[in-house]
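Comments concern the structure below.
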Amino acid sequence: MYERPPFLKFTHPLPYGAILHDDGVQFVVFSRSATGMRVLLYDHVDDREPTELIEFDPIQNRWGDVWSVFVRGMGAGQLYHLQADGPYDPARGHRFDSKARLIDPYAKALAGDFLPADDGIIRPPKCVVVDDEFDWRGDRHLRRELSETVIYEIHVRGFTRSATSGVKHPGTYLGVIEKIPYLKSLGVTAVELMPVHEFPIRDCLGHKPKRPNYWGYDPMAFFAPHRGYAVGDELAAQVREFKTMVRELHAAGIEVILDVVFNHTAEGNHQGPTLSFKGLENRVYYMLEDDRRYYRNYSGCGNTLNGNHPVVREMIFHCLRHWVHNYHIDGFRFDLASILSRDQAGNILPNPPVVETIAEDPLLADTKIIAEAWDAAGAYQVGAFANSRWAEWNGRYRDDVRRFWRGDPHMIGTFATRLAGSSDLYQSSGRHPYHSINFVTCHDGFTLNDLVSYNEKHNHANGEHNRDGENNNYSYNYGVEGPTRRKNVEQVRQRQIKNMLATLLLSQGVPMILFGDECRRTQRGNNNAYCQDNPVSWFNWRLVIKHDGLRRFVEALISFRRNEPTVRQEQFLTGQPAEPGRLPDVSWYAAGGQPIDWTADERSLTCLLAAVPRARRYDPPTHHVLLMCHAGVEPQRFVIPEIARGLPWRQFIDTAAPVPDDIYPNLNGPEPPADWTVTLESRSLVCYVAPDA
């Protein structure tokens with residue numbers, strides 16, 4: 001296997017993990033309270049017992065709380081676990097188990113799966129020593145401005161797992177590569193990948209779980225890409241294939257954003273298994289209750305990562321750098337990010353150290369950092385999460401847009417605020433419209449099709465008696481629960497889908513689209529499909545053809561947005577002209593053409609956006625945008641405001657019109673009627689555009 005003796009020597013005690021050198025591997029691990037440390041070495045993935053055991057000398061191989069040993073003659077591909085001796089004293093927060101095989105917190109790849117625990121010893125996937133070398137062919141981060149970004153949220157497996165995808169490697173990183181032409185045709189500029197760091201495939205006893213962990217929000221190795229999305233079966237194939245996917249997406253002009261879960265781990269609560277952190281320094285890595293036998297649970301998943309402890313903060317910091325440097329990742333979306341605002345006792349901090357560290361790190365300066373600014377214990381920080389480096393998933397946008405188009409009362413004011421970039425949330429803190437990540441749907445909740453097809457969630461297949469998932473969805477089925485052949489119901493559903501997509505892509509801020517919403521992907525009313533690794537969650541690619549008109553509608557909207565700075569402005573709108581003699585940058589009107597009365601309970605609203613002046617004379621002309629939104633159940637006559645008359649308006653969108661007259665990609669639709677009145681059908685949106693002089 002490798003030469004002996006001598007095969008041990010001391011090198012530098014940092015960095016952490018299994019560090020490959022020319023003549024061997026250095027194993028470095030943190031533990032403050034351990035009394036002994038070992039590396040268990042394996043020859044094969046399925047080995048139940050190690051073939052070699054390397055003891056750390058507590059005198060020669062320990063510096064402070066860092067254990068470091070060098071093993072000469074070892075190379076990439078070596079399989080290993082860690083093992084630590086120490087006190088088992090839950091009342092003091094210690095959970096050492098000298099028999100436990102532990103995943104290295106800094107492992108760069110895992111191999112295999114949990115093996116059957118017939119003797120009571122849990123055997124987790126094995127860590128792999130990884131060679132980070134890769135031919136990037138000159139690839140670098142794309143560095144696209146956040147204000148110019150259009151995000152497409154996908155699940156790596158679900159995106160191509162269906163046989164309808166027609167790819168050679170379904171459900172994998174390489175499968176995503178095969179669908180790059182589709183992503184390019186759609187026009188999105190970034191894919192946001194649901195969790196790709198390692199999470200369990202089987203349970204800790206080696207059994208296939210009744211409810212598989214499909215979404216991946218159950219991390220057990222933050223530095224390692226998920227092995228289940230690789231095609232190759234060689235050790236660390238997932239590392240090479242993931243890098244290949246990123247390189248090819250970049251070559252197509254598409255950035256990669258990772259959904260990261262620095263709020264809990266797969267080790268669960270006090271009854272959960274010891275897989276890694278518990279067996280190395282439980283009371284450092286986790287927030288513990290005052291009774292230290294138990295875990296604080298702000299994640300809803302049994303435990304909470306102690307993100308503002310200096311050691312854990314350092315690990316998160318190193319992890320983000322690892323993904324940016326070794327994988328060329330362009331940004332991160334932080335799941336339940338409000339947990340990162342909590343101190344070790346769970347209190348919300350005004351200036352959390354880990355949040356500030358992420359914002360200020362120089363290696364992350366080119367990356368996008370996005371917070372899901374809430375957690376499972378009631379913290380809700382949308383609009384108040386952090387400083388100007390942080391953007392946020394705008395949950396208020398989601399709810400207000402849904403409610404306006406559903407026809408809820410007294411929504412025109414909040415709807416207008418969301419269209420204009422949510423200044424109520426972001427302006428006072430010195431942030432900008434692009435700090436609002438706008439979305440109507442995401443992985444968590446109904447798809448857009450289901451939002452207009454179901455009044456209630458239908459999560460029975462999850463095996464939790466329909467108790468899981470959000471109950472307040474602001475959805476509506478328009479007369480029939482679920483699929484229907486009733487033409488009138490289908491017409492209004494299709495119209496509402498277009499209304500919300502048009503709203504999303506014409507709003508100030510950064511739009512995020514859930515994969516498949518552009519062709520009415522359905523989860524059959526399941527609004528919490530975390531365990532549905534089956535056609536319920538997979539992208540049915542036949543829908544791309546079936547709903548080709550809707551896909552065309554979305555493509556045209558994205559293209560317009562990418563070419564039109566008027567709908568993606570970097571400063572908040574003021575209601576004043578950008579320059580003397582120009583239209584106000586935004587003005588609002590009632591359906592009758594008069595200034596809007598914000599106190600009125602209306603279902604209709606007109607928005608006039610003045611074109612952003614061209615930066616250079618030879619730039620393409622920018623456009624004025626006249627947006628008329630009608631959420632009422634009867635047709636409504638709109639009068640084009642007098643201030644807008646005289647401009648060379650052409651219709652861009654009419655969500656009530658049949659395909660292809662619902663959108664004019666070349667901005668060459670009909671002119672407004674000569675009397676400057678337009679009748680909108682019930683629940684519809686009409687948009688006119690006019691080139692700036």
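Please treat every number below as a calculation from the coordinates, not as lab data. Keep in mind the model is a prediction, meaning the values are calculated, not measured. Cβ sites come from the backbone with ideal geometry, for glycine too, and all protein chains shown count toward neighbours.
Data table
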read-out	value
Residues whose placed amide H lies under 5 Å from that of Gly592, excluding near-sequence neighbours	Val639
Cβ crowding within 10 Å averaged over residues, with 511-517, 285-291, 592-598, 268-274 ranked highest first	511-517, 285-291, 268-274, 592-598
Student exercise, region 8-128 dipole from Lys, Arg, Asp, Glu Cβ charges, in Debye to nearest 20	400 debye
Electrostatic dipole magnitude of the chain [Cβ: Lys, Arg +1; Asp, Glu -1; Cα centre; debye, to 20]	1120 debye
Intensity falloff of region 29-86 expressed as log10 I(q)/I(0), Debye formula with alpha-carbon point scatterers, at q = 0.18, 0.28 Å⁻¹	-0.64, -1.17
In degrees, nearest ten, helix 310-327 long axis to first principal axis of the chain (Cα)	70 degrees
Within region 419-516: Cβ-based charge dipole about Cα centre, in debye rounded to nearest 20 (Lys, Arg +1; Asp, Glu -1)	460 debye
Furthest towards positive pole of dipole, Thr441, Ile545, Val176, structure part the chain, Cβ charges	Ile545
Degrees between helix 237-251 axis and first principal axis of the chain (Cα, 0 to 90, nearest 10)	30 degrees
Principal axes of the chain: Cα extent on each, largest first, Å	93, 53, 50
Sequence-distant lysines (8 or more away, or on other chains) whose Cα lies within less than 28 Å of Lys208	Lys99, Lys108, Lys126, Lys168, Lys278, Lys457
³J(HN,Hα) computed for each position of region 525-541 - Karplus, 6.51 cos²θ - 1.76 cosθ + 1.60, integer Hz, glycine/proline x	x, 7, 9, 8, 7, 5, 10, 9, 8, 6, x, 4, 9, 6, 6, 8, 6
Sorted by Cβ neighbour density within 10 Å, fewest at the top, the residues Leu340, Leu14	Leu14, Leu340
For region 180-293, alpha-carbon Rg and Dmax in angstrom	17.3, 56
Relative pair counts by distance (%), Cα atoms of region 573-693, 10 Å bins	13, 44, 33, 9, 1
Integer Hz, Karplus 6.51/-1.76/1.60 couplings in order for region 98-110, x for Gly and Pro	5, 9, 5, 8, 10, 6, 4, x, 9, 4, 8, 6, 10
Distant-in-sequence amide H partners of Arg62 (H built 1.01 Å from N, under 5 Å)	Ser68
Gyration tensor verdict on region 288-374 (Cα atoms; rounded if a/c is under 1.5, prolate if a/b is larger than b/c, oblate otherwise)	prolate
Fewest-first sequence of Ser507, Ser559 by Cβ atoms within 10 Å of each Cβ	Ser559, Ser507
For peptides 57-69, 459-471, sequence by mean Cβ density within 10 Å, most packed first	57-69, 459-471
Cβ-based exposure ranking for Lys179, Lys487, Lys168, in which fewest neighbours within 10 Å come first	Lys487, Lys168, Lys179
15 Å beta-carbon shell around Asp408, net charge (K/R +1, D/E -1)	+4
Bridge type composition, the chain - antiparallel percent by DSSP, nearest 5	75 percent
Whether region 8-128 is rounded, prolate or oblate, judged on the alpha carbon gyration tensor where a/c under 1.5 counts as rounded	oblate
Positive dipole terminus of region 8-128, leading residue within Gly86, Ser33, Pro50 (C-beta point charges)	Ser33
Charge dipole of the chain about the Cα centre (unit charges at C-beta), most positive-ward option of Thr274, Gly138, Asn263	Gly138
Amide hydrogen neighbours beyond the local backbone of Ile369, cut-off 5 Å, H modeled	Phe332, Ala391
